[in-house]
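Peer 1: Dropping the structure in here first, questions after.
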Amino acid sequence: MGEDAHIPIGKIVGTHGIKGHLKVISYGDSMDLFAPCQELAVSRGGEVLAAFRIAFARPHKRVIRLGLDGIDSIEAAEAWIGCQLCIDNASLPPLEEGSYYWHQIMGLEAFTLDDRRLGRVEAILPTGSNDVYAVRDGRKELLIPAIDSVVVDIDLEQKILRVDLPEGLED
C-alpha cells in the first residue's frame with residue numbers, strides 16, 4: 001500500500017454511554033462514508049493500529065455517534081479517543097468533475113493569478129454555504145472562500161491551488 005492507502009475521514013473525540021459507542025468528528029459533510037458494514041482503520045500518528053466494521057452511525061448534535069463491531073464497553077472505547085478513523089482510498093466513491101476530497105486539498109500551495117505565493121492550505125473550515133481554506137505562511141493566515149469565482153484552478157499533480165483574491169483579501 002502507498003502512503004495514500006488510508007484516508008482520514010474523522011477523529012474519535014469521546015465516548016457515548018457505557019456500551020462502547022464513540023463520538024466522532026467527521027472530516028466530511030456526508031454520512032455516506034460511515035455506512036454500516038464499511039471497514040475502518042483506526043490510526044494514531046499515521047500508524048494503523050486496528051480495523052473495525054461499522055455497526056451503526058447516527059448524527060448526534062455536532063458529532064457522529066458510532067458503533068464499531070468489537071468495541072462493546074466504555075473502557076474499550078476510551079482507549080481509542082484521539083485516534084483517526086480512516087478508509088481505504090479505493091473505497092472512496094467517485095466525485096463529480098471539479099469536486100475534490102478534503103485530503104486532496106490539504107497541503108496544496110496557494111498562489112495568486114500573478115504567481116504570488118500565499119502559503120499552504122493547513123485547514124478546511126465548513127461554513128454551511130461553502131468551505132473556507134485556511135492558508136498559512138508562517139504566522140500569517142488567510143481565509144479563502146472555496147467558491148468558483150475565487151478558486152480558479154486546482155492542480156493536484158503540481159500540488160497548486162490558484163486563486164483570484166476578492167478585494168479586501170489582498171494584503
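What follows is calculated from the coordinates using simple rules that are stated; it is not laboratory data. All values reported here derive from a predicted model rather than from experimental measurement. Don't worry about glycine lacking a Cβ; one is built from the backbone with ideal geometry, like all the others, and counts go over all protein chains shown.
Peer 1: Which listed residue (I154, A77, L169) has the Cα farthest towards the positive end of the charge dipole for the chain, taking +1 on Lys and Arg C-beta and -1 on Asp and Glu C-beta about the Cα centre?
Peer 2: The Cα lying farthest towards the positive end belongs to A77.
Peer 1: Could I ask something else about it? Given the options G28, G138, G67, identify the residue whose Cα lies farthest towards the positive end of the charge dipole of the chain (+1 on Cβ of Lys, Arg; -1 on Cβ of Asp, Glu).
Peer 2: It is G67, whose Cα lies furthest towards the positive end.
Peer 1: Turning to a different aspect of this structure: Run the quick spin-label model on Q104 and E75: label points 7 Å from Cα toward the beta carbon, then report their separation in nm to one decimal.
Peer 2: Taking the simple label geometry, Q104 and E75 are separated by 4.5 nm.
Peer 1: While we're looking at this one, here's another question. Extending each Cα 7 Å along its Cβ direction at F56 and A90, get the distance between those two points in nm, one decimal.
Peer 2: Taking the simple label geometry, F56 and A90 are separated by 3.1 nm.
Peer 1: By how many nm would the segment from T112 to D164 lengthen if fully extended, with 0.36 nm per residue of separation less the alpha-carbon distance?
Peer 2: Numbers: separation 52, 0.36 × 52 = 18.72 nm, distance 0.59 nm.
18.1 nm is the gain from fully extending T112 to D164.
Peer 1: To the nearest 20 debye, what charge dipole does segment 1-62 have about its Cα centre, counting +1 at the Cβ of each Lys and Arg and -1 at the Cβ of each Asp and Glu?
Peer 2: Value, rounded to 20: 520 debye.
Peer 1: For percent of Cα pairs over 27 Å apart, the listed values are (i) 17; (ii) 35; (iii) 21; which was obtained by calculation from the structure presented?
Peer 2: Comparing each candidate, only (ii) matches the computed number.
Peer 1: Do the sum for the chain: with -39,500 (n - 2.57) for every DSSP H run of n ≥ 4, divided by all residues, what is the mean residue ellipticity at 222 nm, to the nearest 500 deg cm²/dmol?
Peer 2: -1000 deg cm²/dmol
Peer 1: Only Lys, Arg, Asp and Glu count, each charged at its Cβ (+1, +1, -1, -1), so figure out the dipole size of the chain about its Cα centre, rounded to 20 debye.
Peer 2: Using only the charged Cβ atoms, the result is roughly 980 debye.
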